[in-house]
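The block underneath contains the structure these notes are about, expressed in structure tokens.
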Amino acid sequence: MQKNVLDTDLHGKVAVVTGAGGVLCSDMAKVLARAGAKVALLNRTASKAQVYADEIVAEGGVAKAYGCNVLKAEDCKAVAAQVLADFGPCDILINGAGGNNPLATTDKEYYEDGDIDADTRSFFDLSPEAVTGVFDLNFVGTVIPTQAFVPQMLGREGCCIVNISSMNAYLPLTKIPAYSGAKAAVSNLTQWLAVHFCHQNIRVNAIAPGFFAAGQNKKLLYNEDGTPTARTGKILAATPMGRFGESAELEGALLFLVNEKAAGFITGICIPVDGGFSAYSGV
Ligand code: NAD
């Protein structure tokens, strides 16, 4: 009997995952490898990705770790050439590297009288370098790997890109204006790239994770003693399902988007995986 289209088989495909040394994207790399793809795990610090590449190989998959700073075009080009030599041309690119910086984060949600001069990090104290850094990491760090790997997709069939956006793309969260703006830009870029490359048969979509406890948001979600912050309480109250997501819960959206049979006519969308956060008005 014919299997249904959701049975994603990636044998013969090469997948590249940036930020693969992190919590969510290491899991994405494993998901792609279990579906049969050869996976290149890229991370600024190679050793962080190496751990997960080793785990994939130990499970019987094909994977290799590469040190790659997504903000350096020459790094990305060199790694793209190395991946091509090791595995063949890239079919699937996951632009997962991203994150925030405490120096681009306000201490308070609302401006209060006197904050401009007080010993608190107000909007006026945000370091322009940190704001630029966060914007670059999330937005430019999606553009540069795309420039490096799309040439390997041109003239071929069945290639796709999945960018990682955020709830901030729908409505900005308090305190993190640079990250919010950058992720809104990632969603916008996803649509732009989808249109730009549609005649090359390259589909470009995004996933917007809701709240998953991970490295980049640990400081906002947990106090130093490990107790949840007040922000964690607000997030869970605003998530109708009342809990954080588990990184394994991104698997379905990822496999769907990279599956040519299931999602072959889908490009330029962003799938929220958020326990209802983006649907809830708070009332
Ligand atoms: P993480 O901090 O665990 O992983 C991010 C990884 O990116 C790290 O391994 C880090 O070393 C790497 N990285 C940072 N700068 C880099 C650079 N210049 N070049 C290459 N690699 C670099 O965070 P995560 O939560 O797993 O986040 C993965 C993606 O998901 C990010 O884009 C993040 O913004 C997004 N996201 C996360 C959540 C969440 O709740 N955790 C929610 C929405 C979106």
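Some points to look at:
- Hits in segment 145-166 - residues which are more than 21 Å from residue 75 (Cα to Cα) and within 12 Å of the ligand (Cβ to nearest atom): 165, 166
For every residue, the table says whether it meets (1) touching a helix residue (DSSP H, G or I) at 6+ places or on another chain (Cβ under 9 Å); (2) open to solvent by less than 30 Å² (accessible area, probe 1.4 Å); (3) among the polar types (S, T, N, Q).
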site	(1), (2), (3)
174	yes, no, yes
178	yes, yes, no
201	no, no, yes
219	yes, no, no
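- Being in contact with a helix residue (DSSP H, G or I) (Cβ under 7 Å, 6 or more places away or on another chain), within 12 Å of the ligand (Cβ to nearest atom) and at pLDDT below 95 is true of residue 23.
- Residue within segment 122-133 that is surrounded by 22 or more Cβ atoms within 10 Å (Cβ to Cβ) and either over 27 Å from residue 200 (Cβ atoms) or aliphatic (A, V, I, L, M) (or both) present: no
- The conditions of being closer than 14 Å to residue 148 by Cα and near the ligand (Cβ under 9 Å from one of its atoms) are not met by residue 48.
- Top-ranked residue in segment 167-179 [being within 11 Å of the ligand (Cβ to nearest atom) and within 16 Å of the chain's Cα centre (by Cα); ranked as nearest to residue 100 (Cα to Cα)]: 179
- Search result, residues across segment 139-159 that are hydrophobic (A, V, I, L, M, F, W, C) and either within 21 Å of the chain's Cα centre (by Cα) or open to solvent by less than 30 Å² (accessible area, probe 1.4 Å) (or both): 139, 140, 143, 144, 148, 149, 150, 153, 159
- Flag: residue 115 matches the condition of being away from the ligand (no atom under 16 Å from the Cβ), of a type outside the set (S, T, N, Q) and buried (at least 18 other Cβ atoms within 10 Å of the Cβ).
- Members of segment 198-238 found to be touching an Asp or Glu at 6+ places or on another chain (Cβ under 7 Å) and more than 10 Å from the ligand (Cβ to nearest atom), listed by number: 201
- Pick from segment 221-239, criterion in contact with a Phe, Trp or Tyr (Cβ under 7 Å, 6 or more places away or on another chain) and either of a type in the set (Phe, Trp, Tyr) or within 20 Å of residue 165 (Cβ to Cβ) (or both), ranking: most open to solvent (accessible area, probe 1.4 Å): 238
The values are calculated or read from the model by the stated rules, or taken from the named source; none is laboratory data. Predicted, not measured: the structure shown is a model, and the values here were computed from it. Note that each Cβ is placed from the backbone with ideal geometry, even for glycine, and that neighbours are counted across all protein chains shown. With ligands, DNA and RNA removed, areas are computed over all heavy atoms of the protein, side chains included. Shrake-Rupley method; radii C 1.70, N 1.55, O 1.52, S 1.80 Å.
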